[in-house]
1. P(r) for region 1-45, please, calculated from all Cα pair distances in 5 Å bins and given in %.
2. Over all alpha-carbon pairs of region 172-279, lay out the pair-distance distribution in 10 Å bins, whole %, shortest bin first.
3. Figure the gain on full extension for Asp311 and Lys213 (residue separation times 0.36 nm, minus the Cα-Cα span) and round it to one decimal in nm.
4. Once both axes come from the Cα atoms, what is the angle between helix 6-18 and the longest principal axis of the chain, in degrees from 0 to 90, rounded to 10?
5. Please report how far the C-alpha centroid of region 131-153 lies from that of region 178-213, rounded to the nearest whole angstrom.
6. Take a quick pass over the chain and tell me how many lysine pairs come in under 27 angstrom between Cα atoms, counting only ones 8 or more apart or on separate chains.
7. Which of Glu349, Glu179, Glu59, Glu125 has the fewest other C-beta atoms within 10 Å, and how do the rest follow up to the most?
8. Show the residues, 5+ positions off or on another chain, whose built amide H is closer than 5 Å to the amide H of His346.
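What follows is calculated from the coordinates using simple rules that are stated; it is not laboratory data. All figures in this text were calculated on a predicted structure; none of them were measured in a lab. For neighbour counting, all protein chains shown are included, and Cβ atoms are generated from backbone atoms with ideal geometry for every residue, glycine included.
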Amino acid sequence: MTPLTPETQTRILEFVDSLRDEILACSRHLHANPELSGQEFKSAAHLADIARRHGFDVEMGVGGLATAFAAHHPATATPGPRFAYLAEYDALPVVGHGCGHNLIGTAGTYAAIALAHAAASLPGEVLLFGTPEEETIGGKIVMLDAGLFDEVDAAMMVHPGNDTEIAYTTSACLCPVIEFHGKSAHVASGAWKGINALDAMVQLFVSLDITRKQMPPTVRIPGIITHGGAMANMVPDYTRAEFSLRAKDKEEAEWAMERLLDCARAAALATGARMEWHPTGNPYHDMRPDPRLAAFFERHWLALGGSQPLDYVKPHGSIDIANLSHRFPCLHAAFSITDATHFGVHTHEFAAAANSPRAEDELIRVIKTMALTGAEVLNNGLDAAGDHSTHA
């Protein structure tokens, strides 16, 4: 492996330091102006304008998403790896940036800018993607399906949290809606003339609870009934439930989905109801962090005085970059912005932490680490990075 020259490393570190005030102003601006998924017009425009000022060509509204953008730096368009940074910027109802996406969007944008600044002596190309709607439909999955990442060789992003985790992993997730259609009847004068869709739904939940005993402990299938009938004196002719199926990986999730549907089909058969189902949103795969990217990131993170990463795997929800990690090398690293463990993301407390002095100091550190990680990839490719046995 060819090490980065001291000149390249110094160029990146000093450049990020010179932009400190600009970087923090960006994060504070996003934090003070939260926009919900699919409505991030001002946030996307703000980040795109910053990228343009630093020499990137930017295309807005890509992949059929009005608040997505794709950017590349023409000065870095030389033969070699094409390395992409991913920026998120959607907020949450009520708590605003309670997931810290103001930090994520700022980090991805300025890491791309810093790497482009230093990339004159490196092969390859620096890319930046604005990826909206992470909290709802999974904008990266839409962009992936639209072919926007077809030429990407590797990509990364970071996420603030309570702990530092280099090789962040997640579960796979499928979110089906199951409906039963029956036949209405008056319960006092002719209940036997109807077909009870609520009985079918109750049977589904009972069967699912029994089936759960024969499923691996990594499978979770919580569900809620969103429509259970109209009146107590009528046989319900329609019921509807939503499920959030989680599993350790894509394959296990697909297997568990078939077990869920088997229970639904059996409930329909037992009660005479008709069953329908459809997925909601996009299927989220399990995150497969690339050990070579993780090795680069961890080396520079620790060299810059970053907090010690966890030496065990924590359970997490699901993220849309996971689908990208099934196509090409990706990294989703988490960096700690608080020591508190009594609150997590999606809270008012975490929203406040995402705009704290500690978060801002960590933001500068993580931008440097991201830019140095990208520089390693441009300089060496991925084959020279070696293994990352501690966290992979």
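1. Going from the shortest bin to the longest, the percentages are 5, 18, 16, 14, 12, 11, 11, 8, 5.
2. Calculated P(r), rounded to whole percents: 16, 45, 26, 10, 2, 0.
3. Full extension from Asp311 to Lys213 adds 32.2 nm.
4. 70 degrees
5. Rounded to whole Å, the Cα centres lie 39 Å apart.
6. Here the count comes out as 13.
7. Glu59, Glu349, Glu179, Glu125
8. Cys99
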